[in-house]
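Visitor: Quick one: the structure is below, and I'll ask about it shortly.
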Amino acid sequence: MTTLRNKVEARLLKCNSEKSVAEMMAKHYEYAVRKYTTLKTICECIVTLD
């Protein structure tokens with residue numbers, strides 16, 4: 001799980017600031033991981049929900 005979380009965070013950092021990524025991850029990461037399995041869809045879910 002930690003590896004997936006790091007990959008998601010790294011991918012989100014490409015287009016967002018560190019502060020906004022930290023907020024998005026805190027709010028939406030657990031939900032996104034429960035609903036989706038791939039890195040791309042998890043990132044899309046987190047960004048869309050924010």
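Nothing in this text is a laboratory measurement; each read-out follows from the coordinates by a stated rule. Source: prediction; values computed, not measured. Methodologically, a virtual Cβ is constructed for each residue, glycine included, from the backbone with ideal geometry; neighbour enumeration extends over all protein chains shown.
Visitor: Compute the signed sum of charges (Lys and Arg +1, Asp and Glu -1) over the other residues within less than 12 Å, Cβ to Cβ, of THR38. Each step should come with its number before you reach the end.
Guide: Details: positive: LYS7, ARG11, LYS35, LYS40; negative: GLU44.
Net charge in that neighbourhood comes out at +3.
Visitor: From the P(r) of the chain, could you give the percentage of C-alpha pairs in the tail past 17 Å? Don't jump to the answer; show the numbers that get you there.
Guide: On the way: 209 of 1225 pairs.
When every Cα pair of the chain is considered, 17 percent fall beyond 17 Å.
Visitor: Normalised by the residues of the chain, what does the relative contact order come to in percent, with Cα pairs under 8 Å and at least six apart?
Guide: Details: 26 pairs, mean separation 20.0, N = 50.
It rounds to 40 percent for the chain.
Visitor: Testing the spin-label approximation: label points 7 Å from Cα along Cα→Cβ at LYS35 and THR48. State their distance in nm.
Guide: For LYS35 paired with THR48, the spin-label model returns 0.7 nm.
Visitor: Report, in deg cm²/dmol and to the nearest 500, the calculated mean residue ellipticity at 222 nm for the chain, where each DSSP H run with n ≥ 4 adds -39500 (n - 2.57) and the sum is divided by the residue count.
Guide: On the way: 3 runs with 41 residues, N = 50.
The per-residue figure over the chain is -26500 deg cm²/dmol.
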